1. Report, by chain and number, residues whose modeled amide H sits under 5 Å from the one on A158, excluding near sequence neighbours (fewer than 5 apart, same chain).
2. Could you put R196, R167 in order of accessible surface area, largest first, with the 1.4 Å probe and the full protein assembly present?
3. For the range 2-218, with the dipole built from +1 on Lys and Arg beta-carbon atoms and -1 on Asp and Glu ones, taken about the Cα centre, which of L73, A129, T141 lies farthest toward the positive end?
4. Report the relative contact order of the chain, percent, no decimals, based on alpha-carbon pairs under 8 angstrom and at least 6 residues apart.
5. Accessible surface of I88 in the full protein assembly, 1.4 angstrom probe, to the nearest 10 Å²?
6. Considering only S216, V201, A38, whose Cα is most displaced toward the positive end of the charge dipole of the chain, charges sitting on Cβ of Lys, Arg (+1) and Asp, Glu (-1)?
7. Rounded to the nearest 20 Debye, what is the dipole magnitude of the chain about its Cα centre when Lys and Arg each give +1 and Asp and Glu each give -1 at the C-beta?
8. Once Rh for the chain is found with the Kirkwood sum over Cα pairs, what is the Stokes-Einstein diffusion coefficient at 10 °C and 1.306 mPa s, in µm²/s?
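The values are calculated or read from the model by the stated rules, or taken from the named source; none is laboratory data. Quantities reported herein were computed from a predicted structural model and do not represent experimental measurements. Quick reminder, even Gly has a Cβ in these numbers, built from the backbone with ideal geometry, and neighbours come from all protein chains shown. Ligands, DNA and RNA are excluded from the accessible area calculation, which covers all protein heavy atoms including side chains. Shrake-Rupley method; radii C 1.70, N 1.55, O 1.52, S 1.80 Å.
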Amino acid sequence: METAESADRYLQELLLDPDPVMAAVLERSDAAHLPQIAVSPLQGAFLSILARSVKAGRILEIGALGGYSTVWLARALPENGVVVSLEIDPKAAQTVRANAAASGVADKVRVLEGPAAETLADMTERGEAPFDFVFIDADKTGYPAYLDFAVALARKGALIVADNVVRKGEIANSNSSDAMVVAVRTYLEKARAHPRLQTSVIQTVGVKGHDGFAISLVG
Ligand code: SAH
Ligand code: DHB
Ligand code: MG
């Protein structure tokens with residue numbers, strides 16, 4: 001029987017070029033003993049299409065891991081574009097820098113090490129130039145706070161995309177005692193109530209199991 005995973009593999013093979021650079025990014029992440037929780041190749045391409053569709057020149061990423069999604073996003077940028085990527089784990093941050101360099105996008109990737117909430121507060125205070133695209137993928141309990149920062153740092157017309165918001169369907173469980181489910185539910189409720197945001201969620205299946213992306217347009 002065919003499965004969501006086999007369909008995912010078929011679609012990847014059909015739609016994406018073989019990509020030794022991205023394969024090497026994942027190998028470097030594995031060599032650094034980082035967990036294998038990056039977005040899938042098709043999801044990376046999806047993020048790239050979204051970033052390009054808003055002509056993103058400045059991208060904010062919250063949660064970089066080894067930089068797999070970072071490199072996908074960096075490749076979506078025009079010349080002089082930048083991905084500012086926030087990462088708490090120094091070993092991961094180093095891997096992102098190595099991966100960006102090896103992938104030919106070192107000049108487009110800025111890794112800011114530390115807890116994202118602190119970095120975002122600093123950026124907001126300092127009047128950081130607005131971002132066109134925000135990808136939220138760090139600690140799930142931080143998502144509600146990251147949404148406020150993302151809106152504050154985004155230009156009108158920006159997209160805010162958040163990974164892992166369906167959680168095998170547990171998002172529908174209003175009695176969940178899982179702190180990550182509770183936080184993601186809060187994130188979606190906040191997005192729903194925010195006067196500047198139009199929000200939807202696309203559920204995903206495939207090599208990463210049943211999950212989903214939230215997407216908000218900043219009006
Ligand atoms: N976006 C990556 C995957 C990110 S995994 C990709 O798809 O390739 C989540 C990352 O968030 C991990 O690297 C973890 O160290 C980081 N993280 C967790 N808590 C954080 C925090 N408070 N601030 C910044 N980064 C955090
Ligand atoms: C997992 C997957 C993710 O995409 C993520 O950002 C964090 C954790 C996981 O499968 O555990
Ligand atoms: Mg994720």
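1. Hits under the 5 Å cutoff: V218.
2. R196, R167
3. Of the candidates, A129 comes out farthest on the positive side.
4. The normalised contact order for the chain reaches 18 percent.
5. 110
6. Value: S216.
7. 600
8. Taking Rh from Cα pairs, D becomes 91 µm²/s.
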